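The values are calculated or read from the model by the stated rules, or taken from the named source; none is laboratory data. For clarity, every value in this text was computed on a predicted model and none was experimentally measured. We place every Cβ from the backbone using ideal geometry, glycine too, and count neighbours over all the protein chains shown. Ligands, DNA and RNA are excluded from the accessible area calculation, which covers all protein heavy atoms including side chains. Shrake-Rupley method; radii C 1.70, N 1.55, O 1.52, S 1.80 Å.
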Protein chains: 2
Amino acid sequence: MNDVKILLDEAEIPTQWYNVAADLPTPLPPPLGPDGQPIGPDALAPLFPQALIEQEVSTQRWIPIPEPVRDIYRQWRPAPMFRARQLEKALGTPARIYYKYEGVSPAGSHKPNTAVAQAYYNQREGCLRLTTETGAGQWGSSIALAGAMFGISVRVYMVRVSYQQKPFRRSMMETWGAEVFSSPTTHTQSGRDALARDPETPGSLGLAISEAVEDAASRADTHYALGSVLNHVVLHQTVIGLEAMAQFKKVNDFPDVVIGCCGGGSNFGGTAFPFLQEKAAGRAVRLVAVEPDSCPTLTRGRYAYDHGDTAKLTPLMPMYSLGHDFVPPGIHAGGLRYHGDSPLVSHLCHLGLVEAVAVPQLATFQAGVLFARSEGILPAPESNHAIRVAIDEALKCKESGESKAIFFTLSGHGHFDMAAYDRYFAGDLEDYAYPEEKIAASLASLRPIGPG
Amino acid sequence: MNDVKILLDEAEIPTQWYNVAADLPTPLPPPLGPDGQPIGPDALAPLFPQALIEQEVSTQRWIPIPEPVRDIYRQWRPAPMFRARQLEKALGTPARIYYKYEGVSPAGSHKPNTAVAQAYYNQREGCLRLTTETGAGQWGSSIALAGAMFGISVRVYMVRVSYQQKPFRRSMMETWGAEVFSSPTTHTQSGRDALARDPETPGSLGLAISEAVEDAASRADTHYALGSVLNHVVLHQTVIGLEAMAQFKKVNDFPDVVIGCCGGGSNFGGTAFPFLQEKAAGRAVRLVAVEPDSCPTLTRGRYAYDHGDTAKLTPLMPMYSLGHDFVPPGIHAGGLRYHGDSPLVSHLCHLGLVEAVAVPQLATFQAGVLFARSEGILPAPESNHAIRVAIDEALKCKESGESKAIFFTLSGHGHFDMAAYDRYFAGDLEDYAYPEEKIAASLASLRPIGPG
């Protein structure tokens, strides 16, 4: 039997991040200020350290990873890639299924790849307090972890529905020393306004971002950290795809399809973007972003200018969006409940270089359980979206007899999501697809991209 | 900076388990039947497959690991060893601290090392139904996982206090397809008797074992699986120590102290026994078993004959014991709440080749939090016992200026133990040391080993 794990040495941890902005067929539209005019890097200075702002606007192809960041990466990187032989057997497919497992990080997902970098740059520039938001808690725990490692105190605004569904993510953040609040809170104007509008709101990532940004903007000693969407965040996540490419080289294979679940876009972008270079070089590889039916940003949203948060505190960003007021239902893949998407992912999707597909909740859990019973690892609900599409692709191969190589990133484990599995087994989960008119209403406020 | 992780290739997964029974200075006293006479292997036939019974009594030094078992091991083995550089820095110690991380298995602990082997032998001999007990849930989830992989249906009796403290361990077992009950149940005579005696009992491992054994013994199609204590279980866990020795060779180092937490003894024995060969060859290495103050089997129990379970369904085994009626308080290290200990660990402790130390609960959580904030990984409460003693040894080095090599096994992660951390931070946990007279009373029923 051939090896199941495809491993790299610590020396093979990438020394540079890949910046896809260097290779875009057309440049990214600029973010806009409240006046509708393009904003420059300076506008971001109250919230982010200089180094991250430079990365946000850089078009340099390769950006060096600082040694202190690589030193922390060593704890769990290079992340293993697995050939899913047991899953292939269970499906009876001729496809070769591979997955990169990011759940090996102490926080259990890919998020520490950027959390560690963000904490490092903040500490280097003398900022020792960070605020952030979190949905499912994967990002919040990652920045809590990174804060513990760089001596930074961290305050997390956690979306209410996730705070209730995943109490132990909060405990985990507190064990690493962070402060955690259920959002909306009464600490911020954005939170108070939201509570006044609807005291029973489940919260949303957009709202929690407003709270964290408002908190950071109100204090000179504090910066804000975002776990997805922004260019520098996606940049840091390219260690996933870069390692995966080296791992494919090791087994002398190459994927026909690259799949990632997509909420804010950093897991998908970090996985897929490095493969774009090969695609540009003429190699046939499909890049597929998977999102939930109940928050169908790329598949039913519009490519337009929108705010990243509910209270409109962020610049207008060019992205697929469902509208910043869109409040998705409390599905269990909390990390995918975001109204917008990474401008880079959006742009590439708009250009047709990236495909998007939306899947219903029940089918994702069905896929996750099959995966757990064959491969062992118990996946996060977010990751189940990628697994669903990987299985669908493998079943297509079974029908056609083709032996394609299917690759996906298993972005994290589901150890803090067992209540969701309980509900799935109890028959308490349901699918939810938005009525067309509701989406149309939500899209009405978006500002078109381009002349006009 | 030198490497943090010490990795082996898949080809370096051991091909044989190490059987310490081959190297004992004096042989293990035999188990006794209800009549006080030594029992032979046949007595175990209703409960275990033949291959495991042979391993239980074997004195062959090396026992081959079947290829289908190694194939499953490949999913997470060889387990990484880490040099704890961040912890060393936090402590300011000249000691070199190493830990072997067994939390990388899908179930999150070392337990699958034996669960997979036990499921394999049962399936090979045609047994497709298993019963077992579980304390903290680490063993139960491991056998559930192994059952899923070999098509075996699994019923788990879970100690009531852990069932209540760790509901998501149950969900995890169910995701892998197992049936889980809170023990004591009304399904068995042992359970009904226990409930009649004390309807509010927190349960105990000894009682849950009675239930699982009774269930298995009552059905011809069912075997019983035990997660620790027995010789064949400890045997399977020697992959930990064997890999660790190869990893030390890789960095050209060798431990002065080998530390493991010790409940039933399989984690400790699996870690430490392979090092005994070096100790016998004259190399100075201390082997330290760490147990909780509140269940001080090796440190305050007696080396005697006792039953492995409360209802006296198991043979009398030669071991350190607190008496089979001993019900430890509901501490959070549920995996260490066992009245007895592995006969092999007990024997070697009695011979002075293994040291034992007991530590109080609060000090173990304090150690675990320090570990999480420096090394990142969030440890299980059981593992915190080993961390506590490793830190104490490192602090002794700081005082003496010695640079010793300290090695421990981090037996699992604490992702399902966050309620315990919550209680620790809230100040709700306490230390508990048994009054001497209570222990003396509990020891009174034990039957001496040796003539008389």
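In chain B, a dipole from Cβ-located charges (positive for Lys and Arg, negative for Asp and Glu) runs towards its positive end, and of B:PHE268, B:GLY151, B:ILE13 it is B:ILE13 whose Cα lies farthest in that direction. When B:GLU436 is represented by a point 7 angstrom out along its Cα-to-C-beta vector, the spacings to that point in the other copies are 8.5 nm, nearest first.
Let a ≥ b ≥ c be the square roots of the eigenvalues of the Cα gyration tensor of the stretch B:14-69; is it rounded (a/c under 1.5), or, if not, prolate (a/b larger than b/c) or oblate?
It is oblate, given that a/c is not under 1.5 and a/b is not larger than b/c.
Peptide B:372-382 shows a mean partner chain C-beta count of 4 within 10 Å per residue C-beta.
Under the simplified labelling scheme, the B:LYS250-B:LEU7 pair shows an inter-label distance of 0.8 nm, with each label point 7 Å from Cα along Cα→Cβ. Using the charge dipole of the stretch A:206-258 (Lys, Arg: +1 at Cβ; Asp, Glu: -1 at Cβ; taken about the Cα centre), state which of A:VAL213, A:LEU242, A:ASN231 has its Cα farthest towards the positive end. About the Cα centre, the residue reaching furthest to the positive side is A:LEU242. Determine the shape class of chain B: with a ≥ b ≥ c the square roots of the Cα gyration tensor eigenvalues, call it rounded for a/c under 1.5, and otherwise prolate if a/b is greater than b/c, oblate otherwise. Rounded, since a/c falls under 1.5.
Once R0 is set to 22 Å, what does the formula 1/(1 + (r/R0)^6) return for the Cβ-Cβ distance between B:LYS89 and B:ALA284, expressed as a FRET efficiency to the nearest 0.05? Could you put the intermediate results ahead of the total?
On the way: r = 27 Å, r/R0 = 1.22.
Efficiency, from the Cβ-Cβ distance: 0.25.
Each copy carries a label point for B:PRO66 at 7 Å from Cα toward Cβ; from one copy, the others' points are 5.3 nm away, ordered from shortest.
Taking label positions 7 Å along the Cα-Cβ direction at both B:GLU430 and A:LEU351, the computed distance is 6.6 nm, reported to one decimal. Rounded to the nearest 0.05, what FRET efficiency is calculated for B:SER403 and A:GLN277 with R0 set to 51 Å and r the Cβ-Cβ distance? The formula returns an efficiency of 0.60 here.
Size of the dipole of chain A about the Cα centre, Lys and Arg at +1 and Asp and Glu at -1 on the beta carbon, nothing else charged, in debye to 20? Don't skip to the end; give the middle numbers.
Working: 38 positive and 48 negative charges, 154 e Å.
Result for chain A is approximately 740 debye, rounded to the nearest 20.
Computed about the Cα centre, the dipole magnitude for the protein assembly as shown is approximately 1000 debye when only Lys and Arg (+1) and Asp and Glu (-1) carry charge, each at its Cβ.
The rotation axis that maps chain B onto chain A passes nearest to the beta carbon of this chain B residue, listed with its distance in whole angstrom: B:HIS415, 2.
Taken about its Cα centre, the stretch B:1-125 carries a charge dipole of roughly 720 debye when the Cβ of each Lys and Arg holds +1 and the Cβ of each Asp and Glu holds -1.
Only bridges with both residues in the protein assembly as shown count here: give the DSSP antiparallel percent, nearest 5.
Working: 38 of 104 bridges.
Just about 35 percent of them are antiparallel.
For the pair the stretch A:286-364 and the stretch B:74-133, the centres of their Cα atoms are 39 angstrom apart.
Tell me whether the stretch B:316-452 comes out rounded, prolate or oblate; compute the Cα gyration tensor, take square roots of the eigenvalues as a ≥ b ≥ c, and use a/c under 1.5 as the rounded threshold. In terms of gyration-tensor shape, oblate. Taking every protein chain into account, the accessible area of the protein assembly as shown amounts to 33 square angstrom per residue (probe 1.4 Å). What lysines sit close enough to A:LYS279 to cross-link, taking a C-alpha to C-alpha distance under 27 Å and skipping anything fewer than 8 places away on the same chain? Within reach: A:LYS5, A:LYS100, A:LYS111, A:LYS249, A:LYS250, A:LYS396, A:LYS398, A:LYS404. Taking every alpha-carbon pair under 8 Å whose residues sit at least 6 apart, the stretch A:344-452 reaches a relative contact order of 26 percent. Contact order for the stretch A:139-270, expressed relative to its length and based on alpha carbon pairs under 8 Å spaced 6+ residues apart, stands at 19 percent. Among all stretches of chain A without exposed trypsin sites (Lys or Arg not before Pro) (DSSP loop, at most 12 other Cβ atoms within 10 Å), which one is longest? No qualifying site falls inside A:1-218, the longest such stretch.
For chain A, the antiparallel share of DSSP beta bridges with both residues in that region comes to about 35%.
For B:GLN277, inter-copy separations between label points set 7 Å beyond Cα along the Cβ vector come to 4.6 nm, shortest first.
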